[in-house]
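A short write-up of the structure that comes next.
The values are calculated or read from the model by the stated rules, or taken from the named source; none is laboratory data. On a predicted model such as this, the values are computed, not experimentally measured, just so you know. Don't worry about glycine lacking a Cβ; one is built from the backbone with ideal geometry, like all the others, and counts go over all protein chains shown.
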Amino acid sequence: MIGKMGRKGEDTALKNFVSIIIAVIGIVAVVYGIVKLSSIFINQESANAKNTLENIAGRLEALEAGQSSTFLLQGFSGADNWVVSAWNNTQSGRPDKCYFKSCLCVCPLEGDVSESCQQKGFCQTFDYTGVVVEQLTARALMDSDLGYETQAFLLPVNAAECRIELVKDSSSSFARVQLEPKITQHYYPATPIS
Amino acid sequence: MIMLILAVLGFLIVLAFLTQLGTDSYSSDEICKLSVLSRATAAEVLPGTQASVPLQCTTNKICLAAGDNGACAQFTGEKSVVKIILPKVKVGDSASEEQQALQIERHLAESMYNCWNMMGQGKLDIFGSVSKELGFSQAQSACVICTRVAIADDVNNSVLARVNTEEYMERNTVPGTSLTYVQAMTDGATSSYSDFRSEGKGKIESTEAVQIEGSSQKETAFVFMQVKSKTIGDVLTNQLQVAGVVAGSAFVAKPSSLVSAGRFVFTPAGAIATAVIATGVAGTGAYNAWQGQIAAAGYCGEFVSKSEAKQGCSLLQAIPYNVKDIRNLCGTIEGNI
């Protein structure tokens, strides 16, 4: 009698043990799956942001001095979590990854733009003395909104017109990137390119 | 116990498939198609998980050039551009021009058909139940830009003037099938483009006028758009009457009808249905002929979905790749650049 009850108890314990093991495997698999899926999602957004920067940079590099070009900046899901910003080669507070050059960056919209660009953003350096990013739409984030000196502009979720221009005179050269047509012009005095 | 084991095994199989996404094991079109199916079925299996499945569709970039030296300025600075050299044209030889035009038609038709197929022929609910989580309302349209086709500067305008994709799709069969492109895209329901010009059959209250304009660039984007709403039914019925097609079936639209008065199109802002102003397409001659290749295929009716709002429309439209036209059609864009 006692032996039968003991065997029954052992069976029940074994079943419970197997159930617990399977449940643990299941939970681990589900957690792994969620992490994997979210990483695919995050990587996709990040890859699109990087591609956006490369598209702009690629077109800038194809320009000769004095030339300009207009093209469509294709949006993507989560684009409004990213900003585009730029620094000239003498500007303070630049991301370290820009080294001593002018740079154009696409970075996550979080906290200090320079810090965000350094930590999680993508930057492309140029030999121009300056790179200017401008925009004139309701979506523009101005200095005061961000609380920092750097101007940064949201990427579009559907499409935006991007105009690029390479300005060069005897003493300096800079690239101007306009995400929407803008009337006013900026001038960035800078040291000449050797 | 057995159910639990099967569930875990099933999950691991799905996971194994998902981890394969993004690897070189599949072509980009296959990855896109699988991700579309995964997203559409995710909501069926586990409601609320649709947004967790990323749409892995990358915009294909095709440059059609007449020779090795031909270049598509439209793709300057962009990566992964596929350049296709068209058959040579002899000066003044109409037969060779016709041959080159035929190849352009073939690539445009294939781009359109492939996009339609990848997107589940418009019948799958791809964006609907994720719309709020992705930051846009249900009535707003969402798009995937499947392919951008650009014409290189060395392709003659006289060749472009001969391009007639609409006719090509009505007459030629999809490789490996006995159906023409038009039949294949409409489940064999029709073999020619619907005539949207029969005005007055149905009436849609126009809320906003949209103007489709030509572009200075010879670049066409094949854009898949989907819009869904709980109260879309009545509007759909009217629209389908105008189009002369049956609710719940796929249709194709004459390119010319897109620039004629009374044609109804979708807008990103308000559910659907706004009249297109008949201002025509900018430019003349060969340029007009190229711009005339604005074809559309669609499906309006119930989606395969468990969500409350089942009705909606899917539209695959070839439009000039410019900001205005993209914005007119798409509230938001998904997929990879």
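Condition first: buried (at least 24 other Cβ atoms within 10 Å of the Cβ) and either among the hydrophobic types (A, V, I, L, M, F, W, C) or more than 30 Å from B:VAL144 (Cα to Cα) (or both). Now tell me which residues in the stretch A:104-130 satisfy that.
Within the stretch A:104-130, A:LEU104, A:CYS105, A:VAL106, A:CYS107, A:VAL113, A:SER114, A:CYS117, A:TYR128, A:GLY130 meet the criteria.
So which of A:ASN48, A:ASN81, A:ASN16 is over 30 Å from B:ASN60 (Cβ atoms) and within 14 Å of chain B (Cβ to nearest Cβ)? So that I can check it myself, show each step before the final result.
On the way: A:ASN48 fails: over 30 Å from B:ASN60 (Cβ atoms); A:ASN81 fails: over 30 Å from B:ASN60 (Cβ atoms).
So the residue among A:ASN48, A:ASN81, A:ASN16 that is over 30 Å from B:ASN60 (Cβ atoms) and within 14 Å of chain B (Cβ to nearest Cβ) is A:ASN16.
Are any residues in the stretch B:20-37 at pLDDT below 60 and assigned to a helix (DSSP H, G or I), and if so, which ones?
Residue satisfying the conditions is B:GLN20 alone.
Of all residues in the stretch B:52-86 being farther than 14 Å from B:HIS107 by Cβ, among the charged types (D, E, K, R) and in contact with a helix residue (DSSP H, G or I) (Cβ under 9 Å, 6 or more places away or on another chain), which is surrounded by the fewest Cβ atoms within 10 Å (Cβ to Cβ)?
If we take residues in the stretch B:52-86 being farther than 14 Å from B:HIS107 by Cβ, among the charged types (D, E, K, R) and in contact with a helix residue (DSSP H, G or I) (Cβ under 9 Å, 6 or more places away or on another chain), then B:LYS79 is surrounded by the fewest Cβ atoms within 10 Å (Cβ to Cβ).
Which residues, taken from the stretch A:64-78, are over 16 Å from B:VAL323 (Cα atoms) and more than 9 Å from every other protein chain (Cβ to nearest Cβ)?
First, pick out the residues of the stretch A:64-78 that are over 16 Å from B:VAL323 (Cα atoms): A:64-68, A:77-78.
Passing the criteria: A:GLU64, A:ALA65, A:GLY66, A:GLN67, A:SER68.
Could you look through the stretch A:99-119, keep only residues that are over 24 Å from B:THR76 (Cα atoms) and touching a helix residue (DSSP H, G or I) at 6+ places or on another chain (Cβ under 8 Å), and pick out the one that is nearest to the other protein chains (Cβ to nearest Cβ)?
The extreme case among them is A:LEU109.
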